[in-house]
């Protein structure tokens, strides 16, 4: 039995962690958490993750939450030098920047725009709507990946977020964005993860 257990629901950010695991090519177990029944808020689950949220990943004695942290951990442990630059590789700086740009800037920036929050751009980590879009475009402009010809876990974290936001019309559909997401979603590991998430949806009677 694999030491990696992903507490999972295909409607949550755990769906993107399945993609991470498929890119790694490691064995793992999906453990379904019934969000509609509130299982994520049960005492049993909150003993593992007090936030009562997904994704939650257990790897032996290690327990991780927060999808970007999970991605960085997995790449460092199982694909260092392949999906994560080595610790002494200068490219690691750019890699880490984009790994954490998704949850720190894109997600709250999109939420702020959609909810019409009032804030001072200089006080918000995501700055202005236009700056955020321009920064995303600059990051992928040379392509095909964030580190040029080198695909990394940063593309799964950052690109998965961009793809999700485009799907729900929460980002402008700039040509560079859509082309990047098309490249990402054509990857065999992404397609394998879509199939696994789809199978869980079918098994539990979740609408597509």
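A quick yes/no check of all residues on (1) touching a strand residue (DSSP E or B) at 6+ places or on another chain (Cβ under 6 Å); (2) part of a loop (DSSP other than H, G, I, E, B); (3) surrounded by fewer than 21 Cβ atoms within 10 Å (Cβ to Cβ):
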| residue | (1), (2), (3) |
| --- | --- |
| 2 | yes, yes, yes |
| 19 | no, no, no |
| 22 | no, no, no |
| 31 | yes, no, yes |
| 58 | yes, no, yes |
| 71 | no, no, no |
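For the stretch 132-143, the criterion of being assigned to a helix (DSSP H, G or I), under 23 Å from residue 10 (Cα atoms) and either out of contact with any strand residue (DSSP E or B) (no Cβ under 7 Å at 6 or more places or on another chain) or in the same structural domain as residue 10 (by TED's automatic domain parsing) (or both) is satisfied by no residue at all.
Within the stretch 94-109, the set of residues being in contact (Cβ under 8 Å) with a residue 24 or more places away in the chain and over 15 Å from the mean Cα position of the chain (by Cα) comprises just one member, 94. You will find that of 86, 112, 75, 91, the residue that is surrounded by 15 or more Cβ atoms within 10 Å (Cβ to Cβ), under 27 Å from residue 28 (Cα atoms) and under 21 Å from the mean Cα position of the chain (by Cα) is 75 and no other. Just so you know, in the stretch 5-17 the residues that are without any contact (Cβ under 8 Å) to a residue 60 or more places away in the chain and part of a helix (DSSP H, G or I) include one that is surrounded by the fewest Cβ atoms within 10 Å (Cβ to Cβ), and it is 14. In the set 163, 159, 198, which member is out of contact with any helix residue (DSSP H, G or I) (no Cβ under 8 Å at 6 or more places or on another chain), in contact (Cβ under 8 Å) with a residue 12 or more places away in the chain and under 19 Å from residue 17 (Cα atoms)? From the options 163, 159, 198, the qualifying one is 198.
Residue-level analysis places residue 164 outside the set of residues that are within 17 Å of the chain's Cα centre (by Cα), farther than 28 Å from residue 33 by Cα, modelled with pLDDT of 95 or more and buried (at least 17 other Cβ atoms within 10 Å of the Cβ).
Return only the number of the condition from (1) assigned to a strand (DSSP E or B); (2) surrounded by 16 or more Cβ atoms within 10 Å (Cβ to Cβ) that residue 35 does not satisfy. The single condition residue 35 does not satisfy is (1).
Within the stretch 43-56, being part of a loop (DSSP other than H, G, I, E, B) and more than 15 Å from residue 17 (Cα to Cα) holds for 47, 48, 49, 50, 51, 52.
The values are calculated or read from the model by the stated rules, or taken from the named source; none is laboratory data. Given the structure is predicted, the values throughout are model-derived calculations rather than measurements. Cβ atoms come from the backbone with ideal geometry, glycine included; neighbour counts cover every protein chain shown.
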